[in-house]
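Notes follow the structure.
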Amino acid sequence: MQELVAFGLSVAGAALGIASFFLPWTGATGIGVGTTSLAGGNVTTNKWAFDMPAGIPLLLITALVLGGIAGSNRVQLELPKLASVIARVTDLVLPMILGGLYLGVVLLYVTLPSSFGYGLGIVILLVAAVLLVAGSVVALIVPSEPAPKPQ
């Protein structure tokens, strides 16, 4: 049961992370990280993740982690000798790393020197980071068992 909770938290966090890439990351008065272009003398607002230099690589990393988490049981069945290692990496390590990356991006936007400079996408990314870290903590507290062998 705890493995299912950890899996659900991690998948929900990665899915919310992907959803946040399509929402505005800056508010009406905010500036985006890495934005230097001026439109009519003002910094363009409502920048989203793909206007950040690391937006596309972060999306690719998220997609790979989500695929790894979702396909973990299948790979454990194919490689039974490495099942415990694969379970540990996909349940504990990958969500923790992705959650840390998300928290780093959130801190960049929240600490910008503008008044309320972050948008809804950053709030969703913070929720995604908390879910990913929570999934890792659940996996740390309750170690996963390898997937059963097919008969």
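Within region 69-83, if we keep just the residues that are closer than 16 Å to GLU3 by Cβ and open to solvent by 80 Å² or more (accessible area, probe 1.4 Å), the residue that is farthest from the chain's Cα centre (by Cα) turns out to be ARG74.
Taking the listed residues ILE86, ILE56, the one that is open to solvent by 90 Å² or more (accessible area, probe 1.4 Å) and either in contact with a helix residue (DSSP H, G or I) (Cβ under 7 Å, 6 or more places away or on another chain) or closer than 15 Å to SER136 by Cα (or both) is ILE56, with no other qualifying. In region 50-70, the condition of being without any contact (Cβ under 8 Å) to a residue 24 or more places away in the chain, assigned to a helix (DSSP H, G or I) and of a type in the set (S, T, N, Q) is met by no residue.
The values are calculated or read from the model by the stated rules, or taken from the named source; none is laboratory data. Just so you know, these numbers come straight off a predicted model, no measurement behind them. Glycine also receives a Cβ, built like all others from the backbone with ideal geometry; neighbour counts cover every protein chain displayed. Ligands, DNA and RNA are stripped out before the accessible areas are found, and what is left, the full protein with its side chains, is counted by its heavy atoms. Shrake-Rupley method; radii C 1.70, N 1.55, O 1.52, S 1.80 Å.
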